[in-house]
1. For region 1-26, which residues satisfy the criterion of being aliphatic (A, V, I, L, M) and either without any contact (Cβ under 8 Å) to a residue 40 or more places away in the chain or under 17 Å from L64 (Cβ atoms) (or both)?
2. Select from region 88-125 the residues that are assigned to a loop (DSSP other than H, G, I, E, B) and touching a residue at least 60 places away in the same chain (Cβ under 8 Å) and write down the one among them that is surrounded by the fewest Cβ atoms within 10 Å (Cβ to Cβ).
3. Here are A85, A11, A67, A22: which of them is at pLDDT 95 or above and in contact with a Lys or Arg (Cβ under 6 Å, 6 or more places away or on another chain)?
4. Take A5 and decide whether it is in contact with an Asp or Glu (Cβ under 6 Å, 6 or more places away or on another chain) and at pLDDT 95 or above.
5. Kindly evaluate A85 against the criterion of being among the aliphatic types (A, V, I, L, M) and either in a strand (DSSP E or B) or free of Cβ contacts under 8 Å to residues at least 40 places away in the same chain (or both).
Amino acid sequence: MTRTAVFDPHAPEPVGPYSHAAIGADGTLFLSGQTPIDPSTGRLVDGEVATQTRQVFANLASVLSAAGRTLDDVTKVNVYLVDMADFAAMNGVYATIFSSPYPARTTVAVAGLPLGARVEIELVA
């Protein structure tokens, strides 16, 4: 298997041994999950899940750009929420990011996320 790693110097540093994204042999781009870390401070942004979701999408858009792609190229989205009560707020931001035809999406609740984040999102483009 051949893969090419994508590193975006403008995105938050990975918090583990993984790349910001990887391009497979067929050209599919897989973005690692992003949490709402402000790349200028390296710290989690304060605020409600809507604020955190906006930061997550800013981070993802930056990584997409580093790979020569945009949010319009996204085909699949996986959303991880610590609390499904945050679904409507996350979905409200999500609706401003994508337009029809929308990417496929899965949203699940998880027990916890790195650094106490309320939301994490990963993409396939």
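The values are calculated or read from the model by the stated rules, or taken from the named source; none is laboratory data. Just so it is clear, the structure is predicted and the values come from calculations on it, not from any experiment. Using ideal geometry, Cβ is built from the backbone for each residue, glycine included, and neighbour counts are taken over all protein chains shown.
1. Taking region 1-26 and keeping what is aliphatic (A, V, I, L, M), we get 1, 5-6, 11, 15, 21-23, 25.
Result: M1, A5, V6, A11, A21, A22, I23, A25.
2. If we filter region 88-125 for residues that are assigned to a loop (DSSP other than H, G, I, E, B), which is where we start, we get 98-103, 110-113, 117-118, 125.
Subsequent filtering for residues that are touching a residue at least 60 places away in the same chain (Cβ under 8 Å) retains 113, 117-118, 125.
Working: L113: 18, A117: 22, R118: 23, A125: 23.
Here the residue is L113.
3. Details: A85 fails: in contact with a Lys or Arg (Cβ under 6 Å, 6 or more places away or on another chain); A11 fails: in contact with a Lys or Arg (Cβ under 6 Å, 6 or more places away or on another chain); A67 fails: in contact with a Lys or Arg (Cβ under 6 Å, 6 or more places away or on another chain).
Criteria check complete, one pass: A22.
4. Numbers: in contact with an Asp or Glu (Cβ under 6 Å, 6 or more places away or on another chain): no; at pLDDT 95 or above: yes.
No: the conditions fail for A5.
5. On the way: among the aliphatic types (A, V, I, L, M): yes; either in a strand (DSSP E or B) or free of Cβ contacts under 8 Å to residues at least 40 places away in the same chain (or both): yes.
Taking the combined requirement at face value, the residue satisfies it.
Residues are listed down the side, and each one gets a yes or a no for (1) in contact with a strand residue (DSSP E or B) (Cβ under 6 Å, 6 or more places away or on another chain); (2) under 21 Å from R118 (Cα atoms):
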{"residue": "R3", "(1), (2)": "yes, no"}
{"residue": "P9", "(1), (2)": "no, no"}
{"residue": "A22", "(1), (2)": "yes, no"}
{"residue": "L29", "(1), (2)": "yes, no"}
{"residue": "S40", "(1), (2)": "no, yes"}
{"residue": "R43", "(1), (2)": "no, yes"}
{"residue": "A50", "(1), (2)": "no, yes"}
{"residue": "S62", "(1), (2)": "no, yes"}
{"residue": "L81", "(1), (2)": "yes, yes"}
